[in-house]
Amino acid sequence: MRKPPPLAAVDPAAPPPNLAKRPGAVPIALQGLSKQFGTGVQALDTINFDIAGGEFISIVGPSGCGKSTLLRIVAGLVEPTTGACERARNATAAFVFQDAALLPWRTVSRNAELLMELEGVPAPERGSRAAEALKLVGLAGFERSYPHQLSGGMRMRLSLARALALRPDLMLLDEPLAAVDELTRDVLQEELSQLWQMAGFTALLVTHNVHEAVYLSNRVVVMSARPGRILKVIQVPFPFPRSPELRSTAAFAKLTGDVSAALRQRDHI
Amino acid sequence: MAQTISLPQAGARAKSALSTALPPILVALLALSFWYLLSITVYAGKGYLLPGPREVADAFVENGATIMAATLTTLKEAMLGYLTAIGLGVLIAAILSQSRVLERSFYPYAVLLQTVPVVAIAPLIVLWFGYNDLSVIVISLIISLFPIINNTLLGLRSTSRTLVELFAMHHTSRIISFWKLRLPGALPSMMAGLKISAGLSVIGAIVGEFIIGSGNSQGGLGVQIIFAQGRMYTALLFAEVICATLLGFVFFSVVSLLGHFLLRHWHESAAD
């Protein structure tokens, strides 16, 4: 797999060389992305960034900095005004939203099958893949429940299972853990990290939570207020698998401090 | 120990069931008594104005076959009008929901359909479709159509934006999105419209029968009501009005039950 060359225009932090090669996971190249909405609002300004296949990247930034728009451009839901997002044409991408976005009239297992259904996966295969994904996220035994019978954390697990069952090369996560309580969030972060290490997809996570970004990622991208620019790219050197105890180490606190400091700098740029 | 706890609980449940059923039963008994008292005091000997409960019951028994036949005729007409309204209403809402321009162009006329008093256009309908069942069905259809269009359209438009994005991400066609996302999502709102129209369709059928009148003596409840009024047979008139009311109630209940069955797993409106 060809590694895209780092672009000189932004922070020179390159994809980490020690990242295990993950067959199937897609690299992404964001080339001079800008987005101006019809209302005249400039959401993004010249985003240049390369993501290696299998990397976990988090994007943090103030509210309204266009990070969700960036994610939607990568997803193909929004067209950039200028620039391009290069990724393999045949790559399967799955999107996980802040609200679990489940179909309330479908059972848990039928919800887990939804994306495969839309992508034309044959029915018998859908069933086994959904069951497997539900088991991975700890929802085995709830197949016949309905979403309203699940807790917020379980709904998010189902949303993750639905995406995982698609066996995506690229996982796009738009603040998926913002709406769950803090204890559940920690547990889900650990699970998400394990799932990523196991499944080997490329992950792009948008979050407000600096700790979450550092805990999960290879690199954290800090964006400025609108129009969104990349202020800084911060490498996270901790090896995987990461234990929950990592969160209470001095090195972790130092790094989250760095990210927070970079976020605060936005006014001086 | 467990027994001493569970027994009062079972007793409490029976008590609560009684306390929900008792008040309406008491009201019914009171109303019947009041009606009876009126009929033997103020309206004594004026049964053509207010027949007593006994006379109405007698009228039921004496004209059982006629009333049954009339009820069945009205039921058939109302049901045909209602089912056509559902098919047509959902189809129109589905088409309007596909484009803002379409909706903006045609929705005002759908509203107009509701504001035209159906009693006023009924004679016109009869002029076009003749003095027969078809006119009655069409009038029932027109009166039940708007709530179905309106509520279905509301439901089809209120699909969650996130879900629309999710479906868009996987290149879902309009038709598949409609079947798998918009239509099931619109169901609760659609059922609300269907419930309103269930009662309306019976009203429409009876209004239609009023207009086509006693042209044929074997007509539905509306025809029989006019007929009984002409003969000053007020007890029969009462019996037929009660039947018409029950018919609307049964219609409504069947649709409510269907809605409950369809939505019980997932929507608050069907929660017990």
So, how do all the Cα-to-Cα distances of the stretch A:131-201 break down into 5 Å bins, in percent, from 0 on up?
3, 16, 30, 27, 17, 6, 0
What distance in nm separates the simple spin-label points at A:Lys135 and A:Gln42, each placed 7 Å from Cα in the Cβ direction?
5.3
Please compute the modelled spin-label separation between B:Arg264 and B:Ser16, points set 7 Å along Cα→Cβ, answer in nm with one decimal.
1.9
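For the protein assembly as shown, which semi-axes, largest first and in whole Å, follow from the square roots of 5 times the eigenvalues of its Cα gyration tensor?
Values: eigenvalues 854, 162, 74 Å².
The answer is 65, 28, 19 Å, longest axis first.
Could you give the length gained on full extension between B:Leu30 and B:Leu49, defined as 0.36 nm per residue of separation minus the Cα-Cα distance, in nm? Show your work: numbers first, answer last.
Details: separation 19, 0.36 × 19 = 6.84 nm, distance 2.07 nm.
Stretched out fully, the B:Leu30 to B:Leu49 stretch lengthens by 4.8 nm.
Once the Cβ-Cβ distance between A:Arg264 and A:Arg167 is put in as r, and R0 is 45 Å, what FRET efficiency do you end up with, to the nearest 0.05?
Values: r = 40 Å, r/R0 = 0.88.
Efficiency at R0 = 45 Å is approximately 0.70.
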Average beta carbon contacts from partner chains per residue of B:184-197, 10 Å cutoff:
1
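In what sequence, highest mean first, do B:53-63, B:162-172, A:165-175 appear when ranked by Cβ atoms within 10 angstrom?
A:165-175, B:162-172, B:53-63
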May I have the count of lysine pairs in the protein assembly as shown with C-alpha atoms under 20 Å apart, counting pairs 8 or more residues apart or located on different chains?
6
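What does the average come to when, for each residue of peptide B:158-166, you count the partner chain Cβ atoms lying within 10 Å of its Cβ?
Values: counts 0, 0, 6, 2, 7, 6, 2, 8, 15.
For this peptide, the per-residue mean of nearby foreign Cβ atoms is 5.
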Give the dimensionless ratio obtained when the Cα radius of gyration of chain B is divided by 2.2 N^0.38 Å.
1.29
Helix runs (DSSP H) in chain A reaching 18 Å along axis by Cα, Kyte-Doolittle at least 0.0:
A:152-165, A:250-264
Provide A:Asp181, A:Asp50, A:Asp99 in ascending order of the number of other Cβ atoms located within 10 Å of each residue's Cβ, fewest first.
A:Asp181, A:Asp99, A:Asp50
Debye sum, Cα scatterers, the stretch A:84-142, no solvent: what log₁₀ I/I(0) at q = 0.20, 0.23, 0.26, 0.29 1/Å?
-0.87, -1.05, -1.22, -1.33
Chain A: translational diffusion in µm²/s, Stokes-Einstein, Kirkwood Rh over Cα pairs, 20 °C, 1.002 mPa s
113
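Within a Cβ distance under 14 Å of B:Ile212, other residues only, what is the Lys/Arg minus Asp/Glu net charge?
Working: positive: none; negative: B:Glu77, B:Asp133, B:Glu209.
Spelling it out: positives minus negatives among the neighbours equals -3.
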Label point at A:Thr81 placed 7 Å out along Cα→Cβ; residues across the stretch A:45-62 whose backbone nitrogen lies under 13 Å:
A:45-47
Among A:Ser248, A:Ser68, A:Ser128, whose mean-square fluctuation peaks in a Gaussian network model of chain A (Cα, cutoff 10 Å)?
A:Ser248
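No value in this document is a laboratory result; all are computed from the given coordinates. These numbers come from a predicted model, not from an experiment. Positions of Cβ are backbone-derived with ideal geometry, glycine not excepted, and every protein chain shown enters the neighbour counts.
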